[in-house]
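Here the structure is laid out as structure tokens; the discussion comes afterwards.
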Amino acid sequence: MTTNIVWHEASVSAAERAAQKGHKPCVLWYTGLSGSGKSTIANAVDRKLFERGCHSYVLDGDNVRHGLNKDLGFDDASRVENIRRITEVANLMTNAGLIVGTAFISPFVVDRAQARSLASADFIEVFVDTPLEVCEQRDPKGLYKKARAGEIPHFTGISSPYEPPVAPEVHLRTASLSVEEAAEQVVQALVARGVLNVR
Ligand SMILES: Nc1ncnc2c1ncn2[C@@H]1O[C@H](COP(=O)(O)OS(=O)(=O)O)[C@@H](OP(=O)(O)O)[C@H]1O
Ligand SMILES: Nc1ncnc2c1ncn2[C@@H]1O[C@H](COP(=O)(O)OP(=O)(O)O)[C@@H](O)[C@H]1O
């Protein structure tokens, strides 16, 4: 309900914040199957950005589900609400001038499109494209094994759908890229868009 709520303009402008930080804000929206490499690559990018003096932060699926979204499960409606909240949090962080990485499966095209359309800064969709067989082989948390044994309902790629992006800004085929190469590709996408080195 937004009745009787009036938007309050910030006293510091987005341009002033960008000038102070030396870079523009932006959302790096990683999407891919569990085990595809979203957290690993998002954190490698974060490290590179930090070392360049950028103000960045990664919102990670597992971590956010321990706190803000601990009331949500994995049925379709919960995933939609999960992504809606992340979209809003990412916007608050870009309003504060940060480069925000969001590392969520975010399986539905329509929710990612909504995140893009609501974004208050540049929005870069990063498809962490790893075949299900490879994710299942990696199985870093043993979740595929449990899902195959029927112990985890609605598991993405097995008993719940994943809709790949149609035209992502960055497409990382991790089966033929190292983490370092993937992270560098993301940083170069930021350079190409003029996100870095403002001043
Ligand atoms: N049923 C089911 N399906 C998929 N994933 C599951 C499930 N249950 C638990 N997990 C763990 O939760 C992480 C995914 O959470 P997300 O918030 O990224 O999911 S979503 O965007 O709402 O679809 C996911 O983390 P990642 O492996 O980092 O993707 C899993 O560790
Ligand atoms: N090229 C690669 N890119 C990303 N991760 C890789 C790659 N090769 C192997 N891995 C491994 O795959 C696993 C991916 O797990 P994680 O980053 O948690 O994925 P997600 O966040 O998508 O669930 C990690 O153990 C990582 O070391």
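Being open to solvent by 30 Å² or more (accessible area, probe 1.4 Å), more than 10 Å from ligand 2 (Cβ to nearest atom) and assigned to a helix (DSSP H, G or I) is the filter here; which residues of segment 128-187 pass it?
Leu132, Glu133, Glu136, Lys145, Lys146, Arg148, Glu184, Gln185
Tally time: how many residues in segment 91-103 are out of contact with any Asp or Glu (no Cβ under 8 Å at 6 or more places or on another chain) and within 13 Å of ligand 1 (Cβ to nearest atom)? If you could, list the steps in order and put the result at the bottom.
Restricting attention to segment 91-103, the residues satisfying the condition of being out of contact with any Asp or Glu (no Cβ under 8 Å at 6 or more places or on another chain) are 91-100, 102.
Applying the additional criterion that residues be within 13 Å of ligand 1 (Cβ to nearest atom) yields 102.
Residues flagged as out of contact with any Asp or Glu (no Cβ under 8 Å at 6 or more places or on another chain) and within 13 Å of ligand 1 (Cβ to nearest atom) within segment 91-103 amount to 1.
Any residue in segment 79-88 that is more than 13 Å from ligand 1 (Cβ to nearest atom) and in a helix (DSSP H, G or I)? Steps first, please.
The first filter runs over segment 79-88 and keeps only residues more than 13 Å from ligand 1 (Cβ to nearest atom), leaving 88.
Next, from what is left, pick out any that are in a helix (DSSP H, G or I): 88.
Yes, some residue in segment 79-88 is more than 13 Å from ligand 1 (Cβ to nearest atom) and in a helix (DSSP H, G or I).
Return the only residue of Val27, Val58 being touching a helix residue (DSSP H, G or I) at 6+ places or on another chain (Cβ under 6 Å), more than 18 Å from Thr130 (Cα to Cα) and away from ligand 1 (no atom under 12 Å from the Cβ).
Just one listed residue meets the conditions, Val27.
Taking only pairs six or more apart or across chains, which ones have beta-carbon atoms under 6 Å, a first residue in segment 175-192 that is at positive phi and free of Cβ contacts under 8 Å to residues at least 24 places away in the same chain, and a second residue that is part of a helix (DSSP H, G or I) and crowded, with 17+ Cβ neighbours inside 10 Å?
none
Just the residues that are open to solvent by 80 Å² or more (accessible area, probe 1.4 Å), within 17 Å of the chain's Cα centre (by Cα) and over 20 Å from Ala182 (Cα atoms), please, taken from segment 42-73.
Residues satisfying the conditions are His55, Asn63, His66, Leu68.
The values are calculated or read from the model by the stated rules, or taken from the named source; none is laboratory data. For clarity, every value in this text was computed on a predicted model and none was experimentally measured. Methodologically, a virtual Cβ is constructed for each residue, glycine included, from the backbone with ideal geometry; neighbour enumeration extends over all protein chains shown. The protein model used for the area step is the full one, side chains on, heavy atoms only, and it has no ligands, DNA or RNA in it. Shrake-Rupley method; radii C 1.70, N 1.55, O 1.52, S 1.80 Å.
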